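S.K.: I have a structure I would like to understand better, so I am pasting it below and will then ask my questions one at a time.
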Amino acid sequence: MLKKLLGIDKKMLLFIGVFAGIIVSVVTVKTLAYTDSPEFCSSCHIMTEVHDSFSDSNHAGLACGDCHLPHENMVEKYTYKAKAGMTHVYFNTLGEAKIPKVLHATENSDEVINENCISCHENTLDNVSHDAKDSCSSCHQAVPHGKGFKTEDYFKPPKPGELLEKKGGTMDNG
């Protein structure tokens with residue numbers, strides 16, 4: 001078999017190799033893009049309510065990965081995506097009983113989402129003061145997953161004085 005392969009014209013082998021490389025690259029890029037899409041994410045039954053609430057939002061044109069994955073570099077993005085994906089596979093197979101009725105972002109995921117909010121809405125932040133809370137979702141809880149998705153407790157107003165306590169951001173006494 002190896003002798004037959006080596007007997008083929010080198011230009012033809014190069015052409016086959018380049019063509020195969022292009023096909024593999026296109027398939028890989030399309031697959032990775034699809035795994036960021038709302039259609040892919042909603043294929044798990046636990047994400048039905050999440051997807052429905054997202055579909056009715058003003059962010060419905062975005063891919064899930066636009067908000068839920070870091071964008072600093074490709075290695076960080078795909079490492080984070082692989083870890084999250086394996087967690088989702090575990091919970092959807094072996095840990096299904098542990099899945100809460102209402103999903104909330106983990107602390108790590110919340111940081112990524114907040115960084116992405118700031119990145120996309122940087123012009124708004126330059127023009128309007130947004131320093132009253134620790135994260136964007138503290139005030140913008142229904143974005144992009146609306147009231148049909150969040151519990152009643154999630155929408156309780158802040159305690160009296162809570163916004164004023166943090167007005168001006170956090171203070172560094174050091």
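Just so you know, all these numbers are worked out from the coordinates, no wet-lab data involved. Computed from a predicted structure; not experimentally measured. All Cβ positions, even for glycine, are placed from backbone atoms using ideal geometry, and neighbour counts span all protein chains on display.
S.K.: For Glu115 and Thr79, compute 0.36 nm times the residue count separating them, minus their Cα-Cα distance, and round to one decimal in nm. Let's see the in-between values first.
M.R.: Working: separation 36, 0.36 × 36 = 12.96 nm, distance 1.73 nm.
Separation in residues times 0.36 nm, less the Cα-Cα distance, equals 11.2 nm.
S.K.: Oh, and also: For segment 9-120, take N as its residue count and report Rg(C-alpha) divided by 2.2 N^0.38 Å.
M.R.: 1.35
S.K.: Based on the mean of other beta carbon atoms within 10 Å per residue, what is the order of 48-61, 86-99, most packed first?
M.R.: Put in order of decreasing packing, that is 48-61, 86-99.
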